[in-house]
Structure formats: C-alpha cells, structure tokens
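Novice: Just dropping this structure here.
The values are calculated or read from the model by the stated rules, or taken from the named source; none is laboratory data. All figures in this text were calculated on a predicted structure; none of them were measured in a lab. Counting neighbours? That spans all protein chains shown, and the Cβs are built from the backbone with ideal geometry, glycine included. For accessibility, only protein heavy atoms count, side chains too; no ligands or nucleic acids. Shrake-Rupley method; radii C 1.70, N 1.55, O 1.52, S 1.80 Å.
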Amino acid sequence: MTDLLLPLLSAMVSGAFATLFLFSAGYRLFNLKRAVAAVGAYRVVPPHLAWPVTFLLVLLEIIVGLWLVMGVKKVGAAVMAAGLLAIFAGAMIVNIARGRRDLKCGCLPGLHATVSGRTAWLNILLANIILYLGMMPRPTSFIEDWIGMALGGVILLLCISGLSMLQQPPVDQDEG
C-alpha cells in the first residue's frame, strides 16, 4: 500500500505545484504591466530592474512548472520551486520589517491577500513540502503518475476557487 501511496502523493504535490507555477506565470504574462508593478511595489530591487526581474520570475515559473509536469530534473525542479517560494517569503519578510503590511501579496491570481507573517510562513511551509515530497519517487506507471498529477492540479484549482469566492463581497438582494 505504501509502495503506491508515497509515489502517488509525490505526483499529486508535483501536479499541484506545476499548476501553481504555470497558472501564476500565465497570469503574469497576460497581465504584464500589473506584474511589473507588483514586483516594483515590493521595493526589493531598483525600479529599473522590475521588468527584467518579472520576466525572469515568469521564465523560472514556466521552467519549474514544465519540469514538474514532465517529471524530469525532479531534484532541480523541487529545489528551484522551493527557492522561488523562499525568495517570495523573503521579499514579504523584508516588507513586513519595513512596516509595509498593506502591500498586495500577489501570491495567487484572483486572490487579494496582503503581505503578512502568515503568507510568508505559508510560502516557507510550501517550500518545505515541495522539497520533501517533490524529491520522492513518482509512480512508475504513466497512468498513475498522470492521475496523481491531475488530481493535485484539480485540488489546487478548487482551493483557489473556493478562497476567491470567500473573498467576494456579499451581493445585496432586494427585499420584496
């Protein structure tokens, strides 16, 4: 049982993180001005480097996402994913130390979270999860691997959708 459980869990985590990074990269590409503004708003790089840094982040997110989907360079993908998450957490911590808690997190498209200790710790937790489970062996069967990957991606998208709905203001209904 555990011979299949851990590899399937590894595939689910890889699928969830692949979805996260590819979804975020796609959102940034289609909203490039907003993404550059978000990187600049963190004030951890000089303003003239906001565009190249944004481009580099998008490129790295695409590479990590594709490596996770394809199951190639598993250790490299897990280390790069954890590194990106640690960089995001570090940028948040720097801004928390500066007292800039009203800054939009930019963590997930569609969510309107602000920088907080909670979001920084969440990134650190996610970095550890991908390091641990992302390096574990994946299922040897192609079908089992893709089922695990798809399940992980679907679970992540459902979580994002649910969180997004919870953030929507209530709709006023006419009483009548």
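Novice: If I take all pairs of Cα atoms in the chain, what percentage of them are more than 29 Å from each other?
Specialist: Considering the chain, 25 percent of its Cα-Cα pairs are separated by more than 29 Å.
Novice: So what is the relative contact order for the stretch 62-122, in percent, with contacts set as C-alpha pairs under 8 Å and at least six apart?
Specialist: 25
Novice: Here's a follow-up. Which of Thr114, Gly148, Ala97 sits closest to the plus end of the dipole of the chain, meaning its Cα is farthest towards the positive end, when Lys and Arg get +1 and Asp and Glu get -1 on the C-beta?
Specialist: Result: Ala97, furthest along the dipole toward the positive end.
Novice: Then there's this: Determine by what factor the alpha-carbon radius of gyration of the stretch 50-92 differs from 2.2 N^0.38 Å, reporting the quotient.
Specialist: Normalised by 2.2 N^0.38 Å, the Cα Rg of the stretch 50-92 equals 1.18.
Novice: Is it possible to state the helix-based mean residue ellipticity at 222 nm for the chain, with each DSSP H run of 4+ residues giving -39500 (n - 2.57), the sum divided by total residues, to the nearest 500 deg cm²/dmol? What is it?
Specialist: Calculated from helices alone, the mean residue ellipticity at 222 nm is -25500 deg cm²/dmol.
Novice: Which order do Glu144, Glu61 take when ranked by solvent-accessible area (1.4 Å probe, heavy atoms of all protein chains), largest first?
Specialist: Glu144, Glu61
Novice: Here is a follow-up. Quick test of your reading: applying the under-4.7 Å Cβ rule, which cysteines of the chain are isolated?
Specialist: Flagged as lacking a Cys partner: Cys159.
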